[in-house]
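Colleague: Take a look at the following structure, please.
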Amino acid sequence: MLIRLAAAAVLLVLCACSGPQAPFSPGFTAELTPTPPVVGREFDVRLEVAEASVPLLDAAALELEGHMTHPGMAPEVARLVEDAPGRYRARIRITMAGEWVLLVTGRLANGRPVREEVARATAVAE
Amino acid sequence: MDLLRWPVVGPFLRWRHARTSLQLVLLAAAVVIVLHGLVGPDLASTNLATVLTWVHYRGLLVVALLAAGNLFCLGCPLVRVRDWGRQLHMPRRAWPARLRGKWIGVALFAAVLLTYELFDLWALPAATAWLVLGYFAAAVVVDLTFRGASFCQYVCPVGQFNFVASTVSPLELRMRDANTCRTCRTADCVSGRKAPAGDTALRPRVVQRGCELGLFMPAKVGNLDCTFCLDCVQACPHDNIALASRVPGAELADDRRRSGIGRLVDRVDLAALVVVFSFGALLNAFLMVAPAQALQGWMEHDWGLSRASVLALLFGAGLVVLPFGLLGAAAFSTRALTGDGAPPGLVVRRFVMSLVPLATGVWAAHYGFHLLTGLLVVVPITQNAVLDLTGAPWLGWPFWRWTGLRPGSVFPLQAGLVLLGAFGSVAVVQATAERDYGARMWRAAAPWLMLTTLLAMTALWILFQPMQMRGMGP
């Protein structure tokens, strides 16, 4: 009986939730300096976004997340700075050698989530 | 000290549904792992499947083994699902006699370590989810075909890991009073408690099963093959079973005949299991550091080998050639120093159990590192999962800063675990040598003490190396 009640509760919660909005991918191209990134140092990420997406984005609502592919490791998060319309930069500190995945995340003005993988890089020890 | 007589803990453990409640908690975690692994983000560090499986489950499992005992076998959700299945179909066949032993478990244990590296499983949420589903399917198929706990005893690689590591746990299930067991005529601890006579016509119905792994309490020694399921506690009509404290690792030098196992020195398969457990600990940790990455890269480029071939070579060297050489050399040295005419294989089986404390220290140092440095990441990932599922931050925006200890700060604890394990191994070597060689004990022990020192120094060297998180995932 308990299991049936729990299953019904889960079903109710799932039914009550509105469907999530699919994340928006603005179409970034990224340039990393230096390549490969070096542990213990910051590296620059310069981003350029597809022209059609420029009016939709607000740099203040965007972040660059650096995640290791190995679970359990601390991500690095940096704010994007707008150099010119459609051009952004951020600096990420690399804390460990290995594989890093860089994501741009945030929100559009209408609340739709932004999430796009912009680069992968293998960081090396100094 | 008997935990079954403690307030709160004791009544809970003796509660008829204690195991089921623990199993349901872990089953819920397994459901989350599978669902998020299949429909969640591809990036392993943001998916609950990879984080809960490869960071929290492994780490907490080792912590539980060192702090108490085989708690994750106690709460194993596979057994819960299997028991539901057995309400529909009760198997009658016995596990084939020629497959009894640990060889299948040893092979699967080594295979899990190899496939983990080969396919970068830690970086693959969907593959992790399918692995968990496959694990459930295998357990159900085996245990709906064969009676008893065949999957736990002969197949499950995690179970074999737990059995070996639980030899250094501080708790064990054992009889309280030998005289009570001596006068017992029903042996309910192993055969199960039957319904009162007259309840059924011909064959009395079992109302509480006994030990499914065939451990008869009066002849049970230590934790090997004990899943901590507490069935014996529930079945014993004399309330004569304790969950008692003990000296961790002392059973490794205990050569008495054990119920369901026999004598340790007669079990080649158990020796092989300990070898894979011990050298696998070093290999698994070694493959995470920068020199291992450099070695693999060099073998791939200079020898023109594929990654699979390189890993096959490293695993062959690490789990077969190196142990064979080192253990063989130690055994021949003991024979030469003591004039012992025993076959080298027997000498190896006498001393190989001494590797377990050190190896458990290495596993704890490795998995403890991931657990402590990533303990809190489950919070932002759960927040992110809710955000993805509902489109609204019901649990708040992900706290990506919540992770755990800084990697460098964990090193003293890791080194301490390895050294503590090494001291335990030294104590087991000394006790084994005293047991089997009497006055020649130090001559017999010397090669094994050197081997322990060599392996402990290797483990510390690995911990000193820069970590390199490898694998690009999908």
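Only the coordinates and a few stated rules stand behind these numbers; no lab work does. Here the structure is a predicted model, which means the values were calculated and not measured. Cβ sites come from the backbone with ideal geometry, for glycine too, and all protein chains shown count toward neighbours.
Colleague: Once label points are set 7 Å from the Cα along Cα→Cβ at both A:A109 and B:L376, what is their separation, rounded to one decimal in nm?
Modeller: Rounded to a tenth, the inter-label distance reads 3.6 nm.
Colleague: Hey, if you drop one equal point scatterer on each alpha-carbon of the range A:22-123 and run the Debye formula without solvent, what base-10 log of I(q)/I(0) do you get at q = 0.23 Å⁻¹?
Modeller: Rounded to two decimals, the profile gives -1.20.
Colleague: Separate question: For peptide A:58-71, compute the average count of partner chain beta-carbon atoms within 10 Å of each residue's beta-carbon.
Modeller: Mean shielding by partner chains, rounded to a whole number: 5.
Colleague: Charges on Cβ only, +1 for Lys and Arg, -1 for Asp and Glu, centred on the Cα centroid of the protein assembly as shown; of B:G325, B:N70, B:C189, which one is farthest towards the dipole's positive end?
Modeller: B:C189
Colleague: I would also like to ask the following. Below 11 angstrom from the Cβ of A:P113, what's the summed charge of the other residues (Lys, Arg +1; Asp, Glu -1)?
Modeller: Here the charged neighbours net out to +1.
Colleague: Sticking with this structure for a sec: For n ≥ 4 DSSP H runs only, could you compute -39500 (n - 2.57) per run for chain B, divide by its residues and tell me the 222 nm figure to the nearest 500? Provide the component values of the computation, followed by the final result.
Modeller: Values: 21 runs with 270 residues, N = 474.
Calculated at 222 nm, the ellipticity per residue is -18000 deg cm²/dmol.
Colleague: Starting from one equal scatterer on each C-alpha and no solvent at all, send me the Debye-based log10 I(q)/I(0) for the range B:264-474 at q = 0.14, 0.18 Å⁻¹, two decimals.
Modeller: Taking Cα atoms of the range B:264-474 as identical point scatterers yields -0.91, -1.20.
Colleague: Also, quick follow-up: Give me the distance between the Cα centres of the range A:52-126 and the range B:288-327, rounded to whole Å.
Modeller: Between the Cα centres of the range A:52-126 and the range B:288-327 lies a distance of 35 Å.
Colleague: Go ahead and run the numbers for FRET between B:L88 and B:D177, Cβ-Cβ distance against an R0 of 41 Å, rounding to 0.05.
Modeller: Computed FRET efficiency for B:L88 and B:D177: 0.55.
Colleague: Using only atoms on other chains, find how many Cβ atoms lie within 10 Å of each Cβ of peptide A:91-100 and report the average. Could the numbers behind the result be given before it?
Modeller: Working: counts 0, 0, 0, 0, 2, 6, 8, 10, 9, 2.
Mean partner shielding for this stretch: 4.
Colleague: Quick one: of the DSSP bridges fully inside chain B, what percent are antiparallel, nearest 5? Present the calculation step by step, with values, prior to reporting the outcome.
Modeller: Working: 10 of 11 bridges.
Among the beta bridges of chain B, antiparallel pairing accounts for roughly 90 percent.
Colleague: Something else: Per residue of B:38-45, how many C-beta atoms from partner chains lie within 10 Å of its own C-beta, taken as a mean?
Modeller: For peptide B:38-45, the averaged partner shielding equals 5.
Colleague: On to the next question. So between B:W397 and B:T145, what do we pick up on full extension, going 0.36 nm a residue minus the alpha carbon distance?
Modeller: Extra length available between B:W397 and B:T145 comes to 85.9 nm.
Colleague: B:Y116 label point, 7 Å along Cα→Cβ, cut-off 18 Å on backbone N: hits in the range B:273-299?
Modeller: Only B:273-290, B:292-293 fall inside the zone, counting backbone N under 18 Å.
Colleague: If R₀ is 41 angstrom, what is the calculated FRET efficiency for the pair B:M450 and B:L99, using the beta carbon separation as r and rounding to 0.05? Numbers along the way, then the final one.
Modeller: Numbers: r = 37 Å, r/R0 = 0.91.
For B:M450 and B:L99, the calculated efficiency is 0.65.
Colleague: Taking R0 as 25 Å, what's the FRET efficiency between B:A312 and B:L460 from their Cβ-Cβ distance, rounded to 0.05?
Modeller: 0.35
Colleague: Here is a further query. What does the net charge come to around B:T403 if you take all other residues with beta carbon closer than 15 Å to its beta carbon, with K and R at +1 and D and E at -1?
Modeller: In short, +1.
Colleague: Kindly put B:R209, B:R257 in sequence by how many other C-beta atoms sit within 10 Å of each C-beta, fewest to most.
Modeller: Ranked by crowding around the Cβ, least crowded first: B:R257, B:R209.
Colleague: Taking C-beta distances below 4.7 angstrom as the pairing criterion, name the unpartnered cysteines of chain B, in sequence order.
Modeller: That list is B:C73, B:C76, B:C152, B:C156, B:C181, B:C184, B:C211, B:C226, B:C229, B:C236.
Colleague: Then there is this: Over the C-alpha atoms of the range A:62-112, what are the Rg and the largest Cα-to-Cα span, Dmax, in Å?
Modeller: 12.6, 38
Colleague: Over the alpha-carbon set of the protein assembly as shown, work out the extent along each principal axis and list the three values in angstrom, largest first.
Modeller: Principal-axis extents of the protein assembly as shown (Cα, largest first): 87, 65, 42 Å.
Colleague: What is the pair-distance distribution P(r) of the range B:278-322, computed from all Cα-Cα distances in 10 Å bins starting at 0, with each bin given as a whole percent?
Modeller: The percentages, shortest bin first, are 29, 57, 14, 0.
Colleague: Now for a different question. Over chain B, with a single point scatterer placed on each C-alpha, what log10 of the ratio I(q)/I(0) does the Debye formula yield at q = 0.08 1/Å?
Modeller: -0.51
Colleague: Oh, and also: Which percent, nearest 5, of DSSP beta bridges in the protein assembly as shown are antiparallel?
Modeller: 90
Colleague: Mind listing which trypsin sites (Lys or Arg not before Pro) in the range B:1-82 are in a DSSP loop and have 11 or fewer other Cβ atoms within 10 Å? Mind showing how you got there, number by number?
Modeller: Values: sites: B:R5, B:R14, B:R16, B:R19, B:R58, B:R80, B:R82; in loops: B:R16.
Hits after loop and neighbour filter: B:R16.
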